[in-house]
Structures are given as structure tokens and as C-alpha cells.
Amino acid sequence: MTNKAKVCSQEEEKQNKKQPQQIRNSQLTDFFPVRRSNRKPLPKVMKEKHKTIEEAILSGKEEGFEVKEFPDKGRGVVTCKALKRGEFVLEYYGELIDYEEALRREAIYAMKENTGCYMYYFKSLDKRYCIDATKESGRLGRLINHSKKGNLKTQSIYLKENPHLAFFACRDIEPGEELCYDYGDRSKQALKSHPWLAL
């Protein structure tokens with residue numbers, strides 16, 4: 001056998017060895033297609049969630065809730081739909097004012113016998129704010145009652161550089177349940193004026 005013939009036969013052997021491998025690979029991908037993950041990265045999920053909350057706040061829609069009268073508490077809000085833990089529920093809607101203006105208004109409201117207290121004080125980005133929801137508006141967040149074992153928690157959400165107070169479910173909530181959150185005020189003066197804050 002000449003050198004040329006040897007080289008040719010060696011190349012044929014190499015090609016024959018490669019061929020079955022190629023056939024095996026194509027057969028595997030026919031039976032087991034490549035799986036691609038359809039999971040979204042966490043930053044994208046968080047951005048979509050924030051956008052949904054932003055749309056809900058800006059639209060002002062408050063569907064799936066009703067106002068009910070409760071003995072010793074007055075008006076309160078009940079959900080007509082199931083809510084999942086962590087789900088946006090309602091906004092505590094009112095006028096955003098600074099702390100000093102809030103104290104001034106609260107002193108004025110205290111002199112009016114039939115005016116309730118709908119002032120929500122909070123701190124966000126090291127600044128003290130208040131949402132004054134004293135004026136009747138038809139919005140439901142201002143009517144959510146107090147409970148030390150509430151099913152909602154509040155969080156400030158920034159829209160157009162201003163904080164908005166949003167209520168989120170801190171556990172799964174069933175239809176028919178009253179919505180409540182902890183007002184957090186345990187001062188002697190507050191408990192004397194509003195003994196239900198201890199409940």
C-alpha cells in the first residue's frame with residue numbers, strides 16, 4: 001500500500017468515526033429539545049410590580065371593596081374579593097402636607113366637635129410628612145379601622161417624586177373580612193381619647 005493510499009484510508013476512517021457521533025447528536029435533540037427558561041430576572045419582576053401599583057394608584061379605582069358600619073367603630077372597609085399576601089390593596093388618599101402644617105391643622109380639627117381625625121403621619125427618606133384625609137372624598141383608604149393584629153401594612157411609594165401611602169396585605173385575606181391596620185399610636189393622651197387603640 002502506498003503512502004497516498006494509507007492517508008486516504010486514514011481519512012475515511014476518521015470520517016466514519018465522526019459520522020455516528022453526528023447522527024447520535026441529532027437524534028438526541030430530536031427526542032430531548034433544548035429547554036429555555038421563561039423566568040424573568042428579579043429586577044424586571046420588581047419593575048413590573050411597581051408599574052402595576054403605580055397604575056392602580058393613579059387611576060384611583062377601588063373595586064372589590066365595600067363600606068360597612070361596625071358597632072363601637074363606625075364605618076370600616078370590607079373586602080369582597082380574596083387578597084394574596086403582599087398584594088396592593090388601597091391607597092390612603094388625601095392631601096400630602098409637611099409636619100408643621102399637619103400639627104397646625106390637627107389643632108384646628110380638635111376644636112371642631114364633629115370632625116374626626118384622618119391624619120396619617122409618616123417618615124420617608126428622612127423627612128416627616130402627613131396625609132390629611134379629613135375631607136370626605138369617597139376614597140376608601142381613609143376609612144380602614146385600627147387593629148393591633150391588622151391584616152394590612154402601609155408602605156410609601158414614590159410617584160412623580162412625591163410619596164403616596166399604599167396598603168398591602170400582610171397575609172392572605174378572605175372575602176368578607178374587614179380590612180385593618182395598626183395605627184401605632186400608644187401614647188397616654190391618644191389612649192385616653194381613643195381607648196380602642198389598645199385593641
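The values are calculated or read from the model by the stated rules, or taken from the named source; none is laboratory data. All values derive from a computational prediction rather than experimental measurement. Here the Cβ is made from the backbone with ideal geometry for all residues, glycine too, and neighbour counts use every protein chain on show.
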Q.
Quick check on the stretch 122-136. Is at least one of its residues exposed (fewer than 12 other Cβ atoms within 10 Å of the Cβ) and farther than 30 Å from residue 48 by Cβ?
A. yes
Q) Of the residues in the stretch 145-199, how many are at pLDDT 95 or above and in a loop (DSSP other than H, G, I, E, B)? A) 9
Q: Consider residue 76 carefully, then state whether it is among the small types (Gly, Ala, Ser) and surrounded by 14 or more Cβ atoms within 10 Å (Cβ to Cβ).
A: yes
Q | Among residues of the stretch 160-169, those that are touching a residue at least 24 places away in the same chain (Cβ under 8 Å), surrounded by fewer than 18 Cβ atoms within 10 Å (Cβ to Cβ) and more than 18 Å from residue 120 (Cα to Cα), counted | A | 0
Q. For the stretch 148-159, what are the residues that are out of contact with any Phe, Trp or Tyr (no Cβ under 7 Å at 6 or more places or on another chain) and surrounded by 17 or more Cβ atoms within 10 Å (Cβ to Cβ)?
A. 151, 157
**Q.** Boolean, residue 73 is under 27 Å from residue 117 (Cα atoms), at pLDDT below 85 and either of a type in the set (Asp, Glu) or in contact with a strand residue (DSSP E or B) (Cβ under 6 Å, 6 or more places away or on another chain) (or both)
**A.** yes
(Q) Where the second residue is assigned to a strand (DSSP E or B) and the first is modelled with pLDDT under 85 and lies in the stretch 99-120, which pairs have Cβ atoms under 9 Å and are six or more apart or on separate chains? (A) 116/74
Q: Specify which of the listed residues (100, 87) is of a type in the set (Asp, Glu) and surrounded by 13 or more Cβ atoms within 10 Å (Cβ to Cβ).
A: 87
Q | Residue, nearest to the chain's Cα centre (by Cα), within the stretch 85-116, restricted to residues that are assigned to a loop (DSSP other than H, G, I, E, B) and farther than 24 Å from residue 61 by Cα | A | 116
